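Notes follow the structure.
Just so it is clear, none of the values below were taken in a lab; they were calculated from the coordinates. Being a predicted model, the structure only gives us computed values, none of them experimental. Note that we place each Cβ from the backbone using ideal geometry, even for glycine, and neighbour counts take in every protein chain shown.
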Amino acid sequence: MPSLFSPLQLGPLSLPNRVVMAPMTRSRADENGVPTDIVPVYYAQRASAGLIIGEATCVSPMAKGYSRIPGLYSPEQVAGWRKVTDAVHAAGGRIFAQLFHTGRVAVPALLPGGAQPVAPSAIAIKGKNYTDLGPLDYVVPRALDAGEIAGIVAEFGAAARNAVAAGFDGVELHAASGYLVHQFLDSTINARDDIYGGSIANRLRFPLEALDAVIAAVGADRVGIKVSPCIKFNDVVEPDAEEVYPALARELSARRIGYLHGALQGRYDVHAAMRPAFSGLYFAGSGFDGPKGEAMLAAGGADAIVYGKYFVSNPDLPRRLREGLPLAEGDSKTHYSKGPAGYIDYPAA
Ligand SMILES: Cc1cc2nc3c(=O)[nH]c(=O)nc-3n(C[C@H](O)[C@H](O)[C@H](O)COP(=O)(O)O)c2cc1C
């Protein structure tokens, strides 16, 4: 039975352990989406992870749904990320980029020229987006036309090529948390009556086109995808999740991608249905500590365990788990703040 400290082969990459760092938005990019100088320090501090999955990164200016999040669509962003990947590799680590488009989670103040956000359908999120300009109401997004969807697919491909150019070891497609890819999967958000909506096969079309563009750029064995079925976030509902996710998993198997990453938030039945339909590596995340992670691996429930908030406050998390050292609790007030505090100042044990 594998433990958290058994090595794992992910395509061409040899992971020294199965303690994976979750993708986490930390809002330390500049106004142009370029990682600031503290970002290489932060990721290099966490290079003992079997794999680091980088924070959600925009495929285009229209993808930007939060203040100070990074992109991978300009030469300056590629150069900024190159400093990050070099620092992680110099520290002995491996890092994937996570690519996303926020779709209807964006607000005009964050978009070029105050543009209206885009989404599968003109259905707004309830509530507010907490930006540097203050809390802003979500707006009714503009439904994408079919031709524009091809353009966004191309942006995912271009950003994936940029990730390779920036030195990333692979790319994770962010199909979770109610952002654009996830918006297409959910029939309460996607009300389209063209080939991108309606049946499950149609709702899978854009997610798989985006995935195929990433695969073409990176190679299937260096590609992962993150899903979070029925997550209570961004008005996700997914009334037919127990059918959608096994269907998605079968498509992922056919493409022989590196891994499927499931954030297990409540709907264990959906994960249980999805997992046997996928033939590759399965990464399980959300709510794990050391003992829970070991138990999951021992039960054959996953091939690796993904840790989020504990990696924020424990840069040396693998060592702490291996030696049974206490885990520091972090301060969520600095999750998305500016500067080094709460970012690069958590000490090793
Ligand atoms: C500060 C913070 C930022 C996050 N940003 C992202 C993100 O950019 N992409 C993503 O897929 N998930 C994001 N998540 C979710 C985590 O990847 C993970 O699924 C979640 O924290 C549950 O794992 P945990 O219980 O180990 O923290 C974020 C979580 C936190 C705490």
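Please give the strands (runs of 3 or more DSSP E) falling wholly within the stretch 105-209 in which 3 or more residues are free of Cβ contacts under 8 Å to residues at least 40 places away in the same chain.
Numbers: elements: 128-131, 134-137, 170-174.
Those strands (runs of 3 or more DSSP E) span 134-137.
Go through the stretch 48-76 residue by residue and tally those that are touching a Cys at 6+ places or on another chain (Cβ under 9 Å) and within 16 Å of the ligand (Cβ to nearest atom). First the steps, then the outcome.
First pass over the stretch 48-76, keeping only residues touching a Cys at 6+ places or on another chain (Cβ under 9 Å): 64-65, 69-73.
Applying the additional criterion that residues be within 16 Å of the ligand (Cβ to nearest atom) yields 64-65, 69-72.
Residues in the stretch 48-76 being touching a Cys at 6+ places or on another chain (Cβ under 9 Å) and within 16 Å of the ligand (Cβ to nearest atom): 6 in total.
Report yes if some residue within the stretch 303-320 is of a type in the set (D, E) and either more than 18 Å from A49 (Cα to Cα) or in contact (Cβ under 8 Å) with a residue 40 or more places away in the chain (or both); otherwise report no. Scanning the stretch 303-320, I find at least one residue that is of a type in the set (D, E) and either more than 18 Å from A49 (Cα to Cα) or in contact (Cβ under 8 Å) with a residue 40 or more places away in the chain (or both), so the answer is yes. Can we say M24 is over 17 Å from the mean Cα position of the chain (by Cα), within 30 Å of G324 (Cβ to Cβ), part of a loop (DSSP other than H, G, I, E, B) and of a type outside the set (D, E)? Here the answer is no, as M24 does not meet what is asked.
Which one is surrounded by the most Cβ atoms within 10 Å (Cβ to Cβ), of the residues in the stretch 216-228 that are assigned to a helix (DSSP H, G or I) and aliphatic (A, V, I, L, M)? I'd like the intermediate steps shown before the answer.
Initial filter on the stretch 216-228 (assigned to a helix (DSSP H, G or I)): 216-218, 220-222.
From the residues that got through so far, the ones that are aliphatic (A, V, I, L, M) too are 216-218, 220.
Numbers: A216: 14, A217: 20, V218: 24, A220: 17.
So the residue we want is V218.
Here L4 meets the list (1) closer than 20 Å to D345 by Cα; (2) within 16 Å of the ligand (Cβ to nearest atom); (3) over 20 Å from the mean Cα position of the chain (by Cα) almost entirely, failing just condition (1).
Could you tell me whether the stretch 275-286 includes any residue that is in contact with an Asp or Glu (Cβ under 8 Å, 6 or more places away or on another chain) and of a type in the set (D, E, K, R)? Give the derivation first.
Just the residues of the stretch 275-286 that are in contact with an Asp or Glu (Cβ under 8 Å, 6 or more places away or on another chain), to begin with: 281-283.
Retained after the next criterion (residues that are of a type in the set (D, E, K, R)): none.
For the stretch 275-286, residues in contact with an Asp or Glu (Cβ under 8 Å, 6 or more places away or on another chain) and of a type in the set (D, E, K, R): absent.
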